[in-house]
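Laboratory data are not the source of any read-out in this text; all were calculated from the coordinates shown. What you are looking at is a predicted structure, and each value in this text was computed from that prediction instead of being measured. Here Cβ is always computed from backbone atoms with ideal geometry, including for glycine, and neighbour counts include all displayed protein chains.
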Amino acid sequence: MAKNSENPQISVEYEVDYRDIKYPRLEYKTGSLILILPKEYEDSKTILENHKEWITQKEQTIRQALEKAKENNIRTERTDKELKELVSSTTKAYREKYGFEVNGIYYKRMKTKWGSFSQRKNLTMNTLLKYLPEKLVNYVIFHELAHSVERRHDETFWTIVKKEHRNHQALEKDLLVYWFLVQEKAKKH
């Protein structure tokens, strides 16, 4: 993985990661831009230029989240047992209400996301969720369970999410703010 901030096309730091993939893509992981390129790919400048508006928008969103994070404190801290009870009961309620299929629930500390839902229908939750307000934990659970119906973040997926969380865009912004808050808290522990 290479770092690059000298590209005149874009004035933001980013990492370049060459992988065995067919098409290039841009990702933001934990607030940092990553340019993922096929091996032997040499035209990163064009990709950055073509996505300049998207990058600028993401950078602005991150800056706003960082500012909000400075103004806030984490007010919630559950024990691991309390988190597991909350996740279990909420998952059960959503399964009964929406018919989501879940084989198992697992917990681990994740570096780049709040949760995941595997093709084997296993729900994995980030243990750092214990620092989030219950409404955000509930949203993360529902978001991941919606992947049992639709894997991609497409229109079908967001239609499912809106059934329970019409304000999902605001919740996503809150999650980003909490991501930065929790990272600071996690460093101290």
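A few notes on this one:
- Extension gain, ARG19 to LYS113: 0.36 nm times the residue separation minus the Cα-Cα distance gives 31.8 nm.
- Cut-off under 5 Å, modelled amide H: who pairs with SER148 long-range: none
- With contacts taken as Cα pairs under 8 Å and at least 6 residues apart, segment 130-188 reaches a relative contact order of 36 percent.
- With viscosity 1.567 mPa s and temperature 4 °C, the Kirkwood radius over alpha carbon pairs of segment 80-188 converts through Stokes-Einstein to a diffusion coefficient of 92 µm²/s.
- Helical mean residue ellipticity (222 nm; -39500 (n - 2.57) per DSSP H run of 4+; nearest 500) of the chain: -15500 deg cm²/dmol
- Length added when fully stretched, LYS97-VAL149, from 0.36 nm per residue minus Cα-Cα: 17.3 nm
- Aspartates and glutamates whose Cα lies under 20 Å from that of LYS68, excluding same-chain neighbours fewer than 8 positions away: GLU59, GLU77, GLU134, GLU172, ASP174, GLU184
- Between the helical axis of 80-98 and the longest alpha-carbon principal axis of the chain there is an angle of about 80 degrees.
- In nm, spacing of pseudo-spin labels at LYS135 and GLU27 (7 Å Cα→C-beta vector): 3.1
- Applying 1/(1 + (r/R0)^6) with R0 = 22 Å to the Cβ-Cβ distance of GLU59 and HIS168 gives a FRET efficiency near 0.50.
- Cross-link pairs exceeding 20 Å between alpha carbons, from the set LYS84/LYS108; LYS45/LYS173; LYS22/LYS173; LYS97/LYS130: LYS45/LYS173; LYS22/LYS173; LYS97/LYS130.
- Using alpha-carbon coordinates, inclination of helix 155-164 to the longest axis of the chain, degrees: 40
- Helix 168-188 axis, angle to the chain major axis (alpha carbon atoms, nearest 10°): 90
- Linear extension gain, THR124 paired with PHE157, 0.36 nm per residue minus alpha-carbon span: 10.0 nm
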